[in-house]
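To keep things clear, I will list the structure first and then write my remarks on it.
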Amino acid sequence: MSGGGRRGSGCSRLVYFTSAYILLWVLLMGYVLYLGYRQRQVERELRRMREMIPGEAATGKGEERARILGA
Amino acid sequence: MMGAVKTTRASGAGRPNHELLVAGTVLAMLVALYLVLVWVPNERTMGIVSRIFYFHVASAWNAFLAFFVVLVASIAYLWRRRLPWDVLAGASAEVGVLFTTMALVSGTLWMRPVWNVWWTWDPRLTTTTVLWFLYAGYLVLRGAVEGEDRRARLSAVFGIVAFVDVPIVFLSIRWWRTIHPQVLAPGDIRLAPEMLVTLLVSVGAFTLLYALLCAMSYRVGKARLELDRTKARLHFG
């Protein structure tokens, strides 16, 4: 851990360090939120699909099925 | 096999093991943050900016761990042909790319006040950037290939080949002339005891975080697989 290079005042270094830490935590939390969003989306779609399978012919959900499948 | 996967609680929330992992990770991260932000003294020449080091090394270590898991899971898939191994490889690669991104960003943020540049084509930085692109490409490949078996087979081969860059990144500071500091050389640890303790706790906390994120991503991957199969059943059933 050798140093050198640009020297800043203690205050500006503190601001720099705080900003850097916040940026890294935002990156990390962003991924956690993205995971949660993706999980909710997959679960919702899966639930809808499962509901359609048993009584599909009787209830005539052909259009809904085509919309979900992107047909 | 995979069709029987239960996905109504894909987050794993409510399971004792998951709750234990969440609690352990939060506790370890709080201890690590206390050590990094309060307990450990500043490095003499760099001052407070040196504290980014603990975040940087922990991220890099976990990126290596994540890609090693991708390697093991890829080999296991090719050997056993069981899709959960492929899902694990995909989940671990995703978290690995996140940690590599954090290692690169934290390295850049640390480098600027110390070396007075945002970026330099140093061997360690260059090979790490190549690593990031390799596994980002791996994720793109997983999203682009149709058919779960074909996707799993191609991804497994890619995941094994891409791992070649990990030892190159690790050894780059010994093989080539570099300005990247070599703090943890074998038999020669150039750290004060407080710094070493803080570093080890940070690495431990980030390893738990890796396990948690990988488990979450794995469950989402399994749910995604079941969704694809349900869609196929609707198509052909």
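Quick look at the numbers
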quantity: Residues that are among the hydrophobic types (A, V, I, L, M, F, W, C) and either closer than 19 Å to B:ASN62 by Cα or in contact with an Asp or Glu (Cβ under 7 Å, 6 or more places away or on another chain) (or both), drawn from the stretch B:164-180; calculated: B:VAL164, B:VAL166, B:ILE168, B:VAL169, B:PHE170, B:LEU171, B:ILE173, B:ILE179
quantity: Matching option when the condition is in contact with a Leu (Cβ under 8 Å, 6 or more places away or on another chain), within 11 Å of chain A (Cβ to nearest Cβ) and under 29 Å from B:TRP79 (Cα atoms), among B:LEU227, B:LEU141, B:LEU191, B:LEU154; calculated: B:LEU227
quantity: Given (1) surrounded by 18 or more Cβ atoms within 10 Å (Cβ to Cβ); (2) modelled with pLDDT under 95; (3) of a type in the set (Phe, Trp, Tyr), index of the condition B:TRP119 fails; calculated: (1)
quantity: Test for B:GLY14: is it at pLDDT below 85, at positive phi and either in a helix (DSSP H, G or I) or within 14 Å of chain A (Cβ to nearest Cβ) (or both); calculated: yes
quantity: Any chance B:LEU37 is within 14 Å of another protein chain (Cβ to nearest Cβ), assigned to a helix (DSSP H, G or I) and surrounded by fewer than 20 Cβ atoms within 10 Å (Cβ to Cβ); calculated: yes
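The values are calculated or read from the model by the stated rules, or taken from the named source; none is laboratory data. Every value quoted in this text rests on a predicted model; they were computed, and no experiment measured them. Ideal geometry is used to build each Cβ from the backbone, glycine not excepted, and the neighbour counts take in all protein chains shown.
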